[in-house]
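Trainee: Mind looking over this structure? Questions follow.
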Amino acid sequence: AQSVTQLGSHVSVSEGALVLLRCNYSSSVPPYLFWYVQYPNQGLQLLLKYTSAATLVKGINGFEAEFKKSETSFHLTKPSAHMSDAAEYFCAVSGSGDIPTFGRGTSLIVHP
Amino acid sequence: EAQVTQNPRYLITVTGKKLTVTCSQNMNHEYMSWYRQDPGLGLRQIYYSMNVEVTDKGDVPEGYKVSRKEKRNFPLILESPSPNQTSLYFCASRTGGNYGYTFGSGTRLTVV
């Protein structure tokens, strides 16, 4: 069994500020972890993935995430937010051959 | 261009009128899935397929059917749509290795 909890349905930041989107997971097997981004009126796009290699994963658009097994977390960060980062972000977990379970999503709002 | 194509993008129909949403991928992916996205609930899996003629139920399969007669196609069938199936639907595919899904652009379905 596996589950994902995204803390905060909405996160608001100023342009240029640090972005931190939180994701905690539970999994009975070594997890594969993913972050996806959904821009308005579009499908989900893979941002980055953790598949048991390096614990710090770099993705597209300057985002990165760190796998912390002891904290069962996979938080998404970006040093400096841009207006174009405003979107819905989803964390997902799966086993190696399993179908992923998605979190409920976090809406990132970026203020000028 | 590697992609997952869903049709139609928008559909308004009446209760009880059978409909099919098509999904096609050009990446020779083994795995295909259907998700529905509802506000506050994130993505919930309807059905998935691990290869041709191999399908299984996801978390919310009631009222839906699928088939996988060819590797590239995975249509979603609503035999008798009801208003509670009004939602945003996504088709997605991936390879056998778990490196994340490629999503279609979505189908917004309204059942009146």
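Trainee: Given the condition within 14 Å of chain A (Cβ to nearest Cβ), within 13 Å of the chain's Cα centre (by Cα) and free of Cβ contacts under 8 Å to residues at least 40 places away in the same chain, answer yes or no: does some residue in the range B:25-38 qualify? Give the steps one after another, and end with the answer.
Mentor: Filtering the range B:25-38 down to residues within 14 Å of chain A (Cβ to nearest Cβ) leaves B:25, B:27, B:29-38.
Next cut, within 13 Å of the chain's Cα centre (by Cα) only: B:25, B:31-37.
With the extra rule that they be free of Cβ contacts under 8 Å to residues at least 40 places away in the same chain, the set shrinks to none.
For the range B:25-38, residues within 14 Å of chain A (Cβ to nearest Cβ), within 13 Å of the chain's Cα centre (by Cα) and free of Cβ contacts under 8 Å to residues at least 40 places away in the same chain: absent.
Trainee: Continuing with the same structure: Out of the residues in the range A:1-36 meeting the condition of being within 11 Å of chain B (Cβ to nearest Cβ) and hydrophobic (A, V, I, L, M, F, W, C), tell me which one is farthest from the chain's Cα centre (by Cα).
Mentor: A:Val4
Trainee: Determine if the range B:32-40 includes at least one residue that is out of contact with any Lys or Arg (no Cβ under 9 Å at 6 or more places or on another chain) and either in a loop (DSSP other than H, G, I, E, B) or at pLDDT 95 or above (or both). It would help to see each step written out before you state the result.
Mentor: To start, the set of residues in the range B:32-40 that are out of contact with any Lys or Arg (no Cβ under 9 Å at 6 or more places or on another chain) comprises B:34, B:39.
If we keep only those that are either in a loop (DSSP other than H, G, I, E, B) or at pLDDT 95 or above (or both) too, we end up with B:34, B:39.
Yes, some residue in the range B:32-40 is out of contact with any Lys or Arg (no Cβ under 9 Å at 6 or more places or on another chain) and either in a loop (DSSP other than H, G, I, E, B) or at pLDDT 95 or above (or both).
Trainee: Another question about this same structure. For the structure I just gave you, tell me whether B:Ala92 is touching a residue at least 40 places away in the same chain (Cβ under 8 Å), in a strand (DSSP E or B), among the aliphatic types (A, V, I, L, M) and out of contact with any Lys or Arg (no Cβ under 9 Å at 6 or more places or on another chain).
Mentor: Values: touching a residue at least 40 places away in the same chain (Cβ under 8 Å): yes; in a strand (DSSP E or B): yes; among the aliphatic types (A, V, I, L, M): yes; out of contact with any Lys or Arg (no Cβ under 9 Å at 6 or more places or on another chain): yes.
Spelling it out, B:Ala92 is indeed touching a residue at least 40 places away in the same chain (Cβ under 8 Å), in a strand (DSSP E or B), among the aliphatic types (A, V, I, L, M) and out of contact with any Lys or Arg (no Cβ under 9 Å at 6 or more places or on another chain).
Trainee: Taking the residues in the range B:40-54 that are β-branched (Val, Ile, Thr) and more than 12 Å from the chain's Cα centre (by Cα) as candidates, determine which candidate is surrounded by the most Cβ atoms within 10 Å (Cβ to Cβ). First the steps, then the outcome.
Mentor: Let us first name the residues in the range B:40-54 that are β-branched (Val, Ile, Thr), namely B:46, B:52, B:54.
Add one more test, that the residue is more than 12 Å from the chain's Cα centre (by Cα), and what stays is B:52, B:54.
Details: B:Val52: 15, B:Val54: 11.
Among them, the one singled out is B:Val52.
Trainee: Considering each residue of the range B:20-31, count those that are in a strand (DSSP E or B) and surrounded by fewer than 18 Cβ atoms within 10 Å (Cβ to Cβ), and give that number.
Mentor: Of the range B:20-31, the ones in a strand (DSSP E or B) are B:20-25, B:31.
Among the residues that remain, those that are also surrounded by fewer than 18 Cβ atoms within 10 Å (Cβ to Cβ) are: B:20, B:22.
Residues meeting the conditions: 2.
Trainee: Considering only the range A:5-112, give the strands (runs of 3 or more DSSP E) lying wholly within it that have at least 2 residues that are under 29 Å from B:Met50 (Cα atoms) and open to solvent by less than 70 Å² (accessible area, probe 1.4 Å). Quick ask: steps written out before the conclusion?
Mentor: Details: elements: A:10-14, A:19-27, A:32-38, A:44-50, A:56-58, A:64-68, A:73-78, A:87-94, A:106-111.
Where strands (runs of 3 or more DSSP E) fall fully within the range A:5-112 and carry at least 2 residues being under 29 Å from B:Met50 (Cα atoms) and open to solvent by less than 70 Å² (accessible area, probe 1.4 Å), they are A:19-27, A:32-38, A:44-50, A:64-68, A:73-78, A:87-94.
The values are calculated or read from the model by the stated rules, or taken from the named source; none is laboratory data. The model shown is predicted, which means the values in this text are computed figures rather than measured ones. Cβ atoms come from the backbone with ideal geometry, glycine included; neighbour counts cover every protein chain shown. Calculation scope for accessible area: heavy atoms of the full protein, side chains included, ligands and nucleic acids excluded. Shrake-Rupley method; radii C 1.70, N 1.55, O 1.52, S 1.80 Å.
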